[in-house]
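The values are calculated or read from the model by the stated rules, or taken from the named source; none is laboratory data. Keep in mind the model is a prediction, meaning the values are calculated, not measured. We place every Cβ from the backbone using ideal geometry, glycine too, and count neighbours over all the protein chains shown.
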Protein chains: 2
Amino acid sequence: MTWAGPDRKASGVPAADPPRRGRPGYDQQTVLRRAVDLFNRQGYDATSMSDLAAELGLSKSALYHHVPSKASLLQQALDEALDALELALDAASSDPGAPAYDRLKAAVRSSVTVLMTHLPAVTLLLRVRGNGTVEVEALRRRRAVDERLTALVREAVREGSVRADLPPDLTGRLLFGMVNSLVEWVRPEGRYDAAALADAVSRLTFEGLDARHER
Amino acid sequence: MTWAGPDRKASGVPAADPPRRGRPGYDQQTVLRRAVDLFNRQGYDATSMSDLAAELGLSKSALYHHVPSKASLLQQALDEALDALELALDAASSDPGAPAYDRLKAAVRSSVTVLMTHLPAVTLLLRVRGNGTVEVEALRRRRAVDERLTALVREAVREGSVRADLPPDLTGRLLFGMVNSLVEWVRPEGRYDAAALADAVSRLTFEGLDARHER
DNA sequence: GTCTATATCCTGATAGAC
DNA sequence: GTCTATCAGGATATAGAC
C-alpha cells in the first residue's frame, strides 16, 4: 500500500519541495507531523505505534522503517518546541539596555508567536510529565526557560514598571500560565492569528480586563 | 469484592475519620487519594495498576479487592472535581440581580478556591483528553461549565464593566486559562493559600500588571 | 483482605520475504 | 518500502486458596 501523499515538506513552512523520484511513501517530516497530531489528540502514552500506523495507513513494521522508536518522535517534537522557545527568548532579551518592561512585553509576544507557529510541538511539550529520559531532559530545558522569564519579571518589578504588590515569581507564573493555556483551545485555522492573540494577551495582562483601563 | 461506594460526601473535606475496627487495610478514600496523586505525577495512561499496587504496598489482586477497575478511580476523581466546580459556579451566580462584574469576580475567586481545595481531582480533570467513555462524559460536563463562565464574561461586557475591545469569548478563555494554569505548579503546602492566590489572580486579571494600575 | 497463579490481550520492537 | 509473522514483556482483570 502506497497512499502516495507527496504532501510532505517542513510542517508549517510552505517551502518548495525538491522533486522526489521513485516510490513515494512517507518522508520523516510527514510521519512526525502526523504522529505529533495524534499524540496531542489522544495523549502520548495513550497512543500506541499501532494507532499511529493505522492513522498513516501502514503496518506497524512499515512505520518502524521510517522511525527508530516512539521516543524518538517525542524527542524531535520536544526539541523543536524548546529550540523555538529558547530562540524567541534570546531575541526578546537581546538588548540588555532596553527597559525590562519592553523586554518582558516582547517575551510575551514572541512566546505567543512561537506557541502558534509551533503549536503541535509546544502543546506536546506542555503536557510532558517526566516519564523516561526524553521527558526528563525536556523538563530540564523547559525549567531553564521558565527561570529566564521569571528573571525578566523580577527585573521589571525592580525597575518599577510592573506592580510590586505581588511576588514577581507569582506574577510570572500567572502571566505565562495564561500564555501557555492557549494550547488548550487555539487552532491554526481558527478565528485568531498569532498577532491578534499576542495583542489580546498583552492587553489583558498589562492593562487588565476592567473597563476603566480600556484604552 | 467490596467497593460499595456510597461513601460519597463532599470529598476533600478533612473531616475526622470514624474509628476503624478489625483488620486495618486500606479504605477506599485512601486508595483513591493515593491513586489520583500517582496519576497526576506520572499521567493516568502511564500509570499501571501494578504501579499503584506497588505504591500502596499491595499486590495487584489485593488492589482489585478495593477497586473494581482503573477507570472507576478516574471516574470518582473527575466527578469530585466537576461536582465541586459546578457547585461553586452555582454559588457565584446565585444572585441574578447582582452586577455581572461582581458575579464574574466571585466566579474567579471560587474557581481558584475549588482548584486549591480539590487540587488533585481538578488537576486530573484538566488533563483529560477524551479517551474512553469516562473521559468523554467528563469533557461534556466540563464544556458546560466553561460555557457558563463565558456567558458570565459576555454579560459583564454587555453591562459595560469589562473591556469591550476584546471578544468576550477570548477574554473568558484567557482569564480561566490563567486560573487553570495554577494546577501546573501550585502545591497545598506551598507558600500561597487559596485566598492569596484568588486575590493575586483577581488583581492581575482585573487591574493588570502594569505598575500604573497598582492600588 | 491478601495472596499466587493465570487468562487474555496489547505493547514496542525485530526478522526476513517480496 | 511494505508486508506477515513473531518476540518478550506488560497491561487489565479474574480465580480460588488461605
- Message: Given the condition more than 14 Å from DNA strand D (Cβ to nearest atom), part of a helix (DSSP H, G or I), in contact (Cβ under 8 Å) with a residue 60 or more places away in the chain and away from every other protein chain (no Cβ under 14 Å), answer yes or no: does some residue in the range A:98-106 qualify?
- Response: no
- Query: Name the residues in the range A:158-170 that are within 9 Å of chain B (Cβ to nearest Cβ), crowded, with 19+ Cβ neighbours inside 10 Å and not hydroxyl-bearing (S, T, Y), would you?
  - Reply: A:V162, A:R163, A:L166, A:L170
- Condition set assigned to a helix (DSSP H, G or I) and more than 9 Å from chain A (Cβ to nearest Cβ), scope the range B:171-198, selection surrounded by the most Cβ atoms within 10 Å (Cβ to Cβ): answer is B:G172
- Task: Among the helices (runs of 4 or more DSSP H) lying completely within the range A:45-97, list those that include at least 1 residues that are more than 10 Å from DNA strand D (Cβ to nearest atom).
- Result: A:49-56, A:70-92
- Task: Considering only residues that are surrounded by fewer than 20 Cβ atoms within 10 Å (Cβ to Cβ) and more than 14 Å from DNA strand C (Cβ to nearest atom), look in the range B:41-51 and name the one that is farthest from B:V186 (Cα to Cα).
- Result: B:D51
- Query: In the range B:121-131, is there at least one residue being of a type in the set (G, A, S), facing another protein chain (nearest Cβ under 9 Å) and over 29 Å from A:E155 (Cα atoms)?
  - Reply: yes
- Item | The listed residue being surrounded by fewer than 22 Cβ atoms within 10 Å (Cβ to Cβ), more than 20 Å from B:A138 (Cβ to Cβ) and away from DNA strand C (no atom under 13 Å from the Cβ), out of B:D79, B:D95, B:D90, B:D83 | B:D95
- Residue that is surrounded by the fewest Cβ atoms within 10 Å (Cβ to Cβ), among those in the range A:199-215 that are within 7 Å of chain B (Cβ to nearest Cβ) and not in a helix (DSSP H, G or I): A:E214
- Task: Any chance you could count how many residues in the range B:135-162 are free of Cβ contacts under 8 Å to residues at least 40 places away in the same chain and polar (S, T, N, Q)?
- Result: 1
- Evaluate the range A:135-148: report whether one residue or more is of a type outside the set (K, R), buried (at least 21 other Cβ atoms within 10 Å of the Cβ), in a helix (DSSP H, G or I) and at pLDDT 95 or above. yes
- Message: With outside any helix (DSSP H, G or I) and among the small types (G, A, S) as the only criterion, which of B:A151, B:A164 stands out?
- Response: B:A164
